[in-house]
Amino acid sequence: MKRRPLIGVPTLPFQRRWADMQLEDMGGEELQYFWLLSRLTEKIICAVRTAGGLPLPLTPTEDERETAKLASRLDGFVFAGGHDIAPSFYGEENAGSHAPDLARDHFETALCRAALERDKPLLGICRGCQLLNVVLGGALIQDMPSVDEKWKLHNRPDVTRGYVHDVKILSPWLFPSRNGGAMLVNSMHHQAIGRLSKRLQAAAVTDDGVVEAVIAPAYRWAVGVQWHPECLADDDAVQAEIFRMLVDKARN
């Protein structure tokens, strides 16, 4: 029987944040957003489990020693979607970023850096893809529609389980079974990679110039995708493949 690798999935402390919002009487839109994040995290956990891994949800900690121990003891990581990364983490002022979560930013940048230092396999999804770029010295487009009106089409949270646009696969390392070409993905983001880290390569792009996936060739397996494969993996074998690759690399 194959060993089931432990895959860390950093998450928000949903119960605490949900309670805080109820006490503060925040609007329905914000509550709906947190509900979406919780569902996306659940989807990631299910996709990792289906791929043969043992998912372990991780909540933020300020203890750097604890973060280092997590990076050492776990076999791989998935960094999920969520709030915009604070622009200060890539040396910019706020120019359209929405409600950064500094506790999560500090924890996930430290954990991602520690995982890379230990050459642990990792997958970044949406915010997680952007996080990988920031940790390796890149920067982000803070609000895509403010830069180009047509980029509004990239933010479609109403189509989580459907397809919104094509991406062109540039690297066979991303989806070996496809050997390049194009494929349809969903899309739920108003930010994207701006200045690409010199330690990353674009692995998928859109016709309108957005970097949709990245790889870090110097590491064993470090991949970021801007779309949400966890929402499609139940019915789309190609999207499920990315979780199988993560688990296989973590197992070995």
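Mind listing whichever residues of the stretch 68-122 are touching a Lys or Arg at 6+ places or on another chain (Cβ under 7 Å) and in a helix (DSSP H, G or I)?
Ala71, Ser72
Could you check the stretch 222-237 and list, in sequence order, the residues that are assigned to a helix (DSSP H, G or I) and free of Cβ contacts under 8 Å to residues at least 24 places away in the same chain?
Ala237
Got at least one residue in the stretch 72-81 being loosely packed, with under 15 Cβ neighbours inside 10 Å, over 15 Å from the mean Cα position of the chain (by Cα) and of a type outside the set (Ser, Thr, Tyr)? Before you say what the answer is, go through the steps one by one.
Pass one, the stretch 72-81, residues loosely packed, with under 15 Cβ neighbours inside 10 Å: 72-73.
Remaining after also requiring over 15 Å from the mean Cα position of the chain (by Cα): 72-73.
Filter once more, so that each one left must be of a type outside the set (Ser, Thr, Tyr): 73.
Yes - at least one qualifying residue is present in the stretch 72-81.
List pairs: first in the stretch 71-97 and more than 14 Å from Cys126 (Cα to Cα) and touching a residue at least 24 places away in the same chain (Cβ under 8 Å), second acidic (Asp, Glu) and outside any loop (DSSP other than H, G, I, E, B), Cβ under 7 Å, 6+ apart or cross-chain?
Correct list of pairs: Phe89/Asp105.
I'd like the residue in the stretch 123-139 that is outside any helix (DSSP H, G or I) and either without any contact (Cβ under 8 Å) to a residue 24 or more places away in the chain or among the aliphatic types (A, V, I, L, M) (or both) and, out of all such residues, is farthest from Val214 (Cα to Cα).
Ala139
Are any residues in the stretch 180-221 free of Cβ contacts under 8 Å to residues at least 40 places away in the same chain and either touching a His at 6+ places or on another chain (Cβ under 9 Å) or assigned to a strand (DSSP E or B) (or both), and if so, which ones?
Correct list: Ala182, Leu184, Gln201, Ala202, Ala203, Ala204, Val205, Val211.
Go through Phe77, Phe89, Phe107 for me and flag whichever is under 27 Å from Ala237 (Cα atoms) and touching a helix residue (DSSP H, G or I) at 6+ places or on another chain (Cβ under 8 Å).
Going through Phe77, Phe89, Phe107 in turn, the sole match is Phe77.
Name every residue in the stretch 129-164 that is touching a Cys at 6+ places or on another chain (Cβ under 8 Å) and either basic (Lys, Arg) or modelled with pLDDT of 95 or more (or both), in order of residue number. Reasoning before the result, please.
Step one: filter the stretch 129-164 for residues touching a Cys at 6+ places or on another chain (Cβ under 8 Å), giving 131-132, 135, 160-161.
Result: Leu131, Leu132, Val135, Arg161.
The values are calculated or read from the model by the stated rules, or taken from the named source; none is laboratory data. Fair warning: this is a prediction, and the values are worked out from it, not measured in the lab. We place every Cβ from the backbone using ideal geometry, glycine too, and count neighbours over all the protein chains shown.
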